[in-house]
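**Q** Dumping the structure here so I can ask a few things about it.
What follows is calculated from the coordinates using simple rules that are stated; it is not laboratory data. Nothing here was measured: the structure is a model prediction, and the numbers come from that model. In this analysis, Cβ positions are derived from the backbone assuming ideal geometry, glycine residues included, and neighbour counts consider all displayed protein chains.
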Amino acid sequence: MPSPSLTTILENLAAGRVEFVLVGGLAAAAQGAPIATFDVDIVHRRTDENIARLLAVLGSMDARYRGRAPGDVLRPTAEILRGTGHSLLGTSLGPLDVLGAIEGGRDYDVLLPDCVTIEVRGHTISVLKLELLVALKRQSSHPKDIAKLPLLEEALRRLRGG
């Protein structure tokens with residue numbers, strides 16, 4: 001069960017008409033994987049219009065880059081969000097990782113056909129299918145991903161009715 005603040009991040013993005021795909025731990029948890037997560041990971045559509053909407057929502061949540069010295073506030077910009085990189089942000093509601101693309105250069109348009117939809121407080125959210133999340137974790141060499149893989153695979157078996 002995601003924390004209320006993480007759900008509110010999703011609600012704010014959807015209410016702001018930001019086009020995004022939910023990926024990462026929260027996407028897996030939304031599909032029944034028994035894992036805890038403490039942030040929201042999204043891949044956003046990198047059009048000028050969508051980036052403008054995303055920046056408006058990020059501004060309303062006081063988004064700034066994590067890991068900086070106190071008082072050294074760095075805010076996301078349209079220029080940065082146009083790229084394929086990762087913006088690891090802190091917000092007034094919790095951590096939000098805004099990704100231009102994930103493994104293999106998969107961006108919003110590539111990921112969208114591999115999504116399911118869920119409802120979050122009256123908004124429809126695109127969520128990366130558990131099958132693709134598992135496939136990506138199988139290719140990863142990160143210890144955190146390797147540790148979560150058995151839980152994700154078991155959730156996928158249950159989802160498939162096995």
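**Q** Quick check on my filter: what residues within segment 61-82 are over 16 Å from the mean Cα position of the chain (by Cα) and small (Gly, Ala, Ser)?
**A** GLY67, ALA69, GLY71, ALA78
**Q** Pick from segment 107-139 the residues that are free of Cβ contacts under 8 Å to residues at least 12 places away in the same chain and under 18 Å from the mean Cα position of the chain (by Cα): which of them is farthest from THR47 (Cα to Cα)?
**A** ALA135
**Q** Quick check on segment 9-53: of everything there that is crowded, with 20+ Cβ neighbours inside 10 Å and among the β-branched types (Val, Ile, Thr), which residue is farthest from the chain's Cα centre (by Cα)?
**A** ILE51
**Q** In segment 1-55, which residues are within 19 Å of ARG121 (Cα to Cα) and aromatic (Phe, Trp, Tyr)?
**A** Answer for segment 1-55, where residues must be within 19 Å of ARG121 (Cα to Cα) and aromatic (Phe, Trp, Tyr): just PHE20.
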